[in-house]
1. Computed from the mean reciprocal separation of all distinct C-alpha pairs, what Kirkwood hydrodynamic radius does segment 195-246 have, in Å?
2. Rounded to the nearest percent, how much of the accessible area of the chain (1.4 Å probe, protein heavy atoms only) is carbon and sulfur?
3. Gap in Å between the Cα centre of segment 159-192 and the Cα centre of segment 88-146?
4. How big is the chain on each of its three principal axes, counting only the C-alpha atoms and giving the largest first in Å?
5. Which aspartates and glutamates, on any chain, are close to Lys130 with Cα under 17 Å apart, when same-chain ones fewer than 8 places away are left out?
6. If ligands, DNA and RNA are left out, what is the accessible area of Glu219 with a 1.4 Å probe, given in Å² to the nearest 10?
7. So what is the 222 nm mean residue ellipticity for the chain from helices alone, if each DSSP H run of at least 4 adds -39500 (n - 2.57) and you divide by all residues, rounding to the nearest 500 deg cm²/dmol?
8. Over the chain, average the accessible area per residue using a 1.4 Å probe and give it in Å², no decimals.
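The values are calculated or read from the model by the stated rules, or taken from the named source; none is laboratory data. The structure presented is a predicted model; accordingly, all values stated were derived computationally and were not measured. Reconstructed Cβ throughout: ideal geometry from the backbone, glycine too, with neighbour counts over all protein chains shown. With ligands, DNA and RNA removed, areas are computed over all heavy atoms of the protein, side chains included. Shrake-Rupley method; radii C 1.70, N 1.55, O 1.52, S 1.80 Å.
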Amino acid sequence: VMFSKCLAVAKVAETCSRTMDVLAVEHAKTAFPAGPGGPQVMQPFPAALPAEVTDPFLMCDEFGPKEADGSSEGIPWHPHRGFHAVTYLKSGQGNHADSLGHHGRMKAGGLQWMSVGSGIEHTEGGGAPKGTMVHGFQIWVNLPAANKMDDPAYNEIPPEDVPEIATGNSCVMRLLAGNLTSPGGNHSATFETKTTVQMIDFEIGPGGSAEHVVPAEMETILCYLYRGSGKIQGREVSGQDLVQLNGGAEDRRFTVEAGAEGMGFILFAGKRLNEPIAWHGPFVMNTQTQIRQCFQDYQRGQLFRKKADFDYRAAHAARKL
């Protein structure tokens, strides 16, 4: 019932109009995704807008900017099933390891895209020198029902491989996912996703501006400001604001004007899945029966159908020493 109500609200909001109007501006809320006492983040969704409205995007947690304490320990090992887990690091560095046997250290500007599929466990964070400023985003993107039980896959994109496009007017775009057509040519992220999305990090200098055309098939259009202030489609916005634009507009372009201190925001554009969302902790499926199966599989040691053929936890611990 809740899914139907939220879907109805989203559909009513996405009315056909000529211009891409601002439908809502909501401020991100403080959240503790790992539970009370865990790391504190600013969460634009689902805290400010529910997942049924932001479909196919489930969650965005902004962590930092904050000084690292120099510890090699990050978030403890934990499981996932049924979505894409994305980490984008703006500054600092962080460790990562998973049950497929991957181990690495993300650098500032780098991106990690993990399609958790049928099941994976991982640990992340820690490893930044003491005093280093760490700032980034943990983003969850839903998987279509048909792909939720696919084998897990991992992509780590170093900063130099993230397409970067300077558009003039003091604007630089970094293409995190999807495809982008600009006056300078066509650009694609270095990996393909099973969910149709376009994610771009816009950095605009003081007094600069940008104009962007969103692909016609993408009905969800969100902009999350992580820095500065200015205007989006003429609407005044500031840091940690989440802007929802009308994905049903005929004119697919929107404009941005940065204030005196400049502006940084991430565009989340995507084609809605319009499927039921059943979400409990680290698992995102379509029914509560499937969620119960996730917990049963985890308790029985059957969640990780594809995994490394060595003790990946021990290997990660040894590398940290």
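1. Numbers: mean 1/r = 0.0817 Å⁻¹.
With all distinct Cα pairs of segment 195-246 included, I get 12.2 Å.
2. Result for the chain: 51 percent of the exposed heavy-atom area is carbon or sulfur.
3. So the separation of the two Cα centres works out to 21 Å.
4. Computed over the Cα atoms, the extents are 55, 47, 39 Å.
5. Here the aspartates and glutamates satisfying the reach criterion relative to Lys130 are Glu67, Asp69, Glu73.
6. About 50 Å², ignoring ligands and nucleic acids.
7. Details: 4 runs with 37 residues, N = 321.
Taken over the chain, the calculation gives -3500 deg cm²/dmol.
8. Details: 13860 Å² over 321 residues.
Counting only protein heavy atoms, the per-residue value for the chain is 43 Å².
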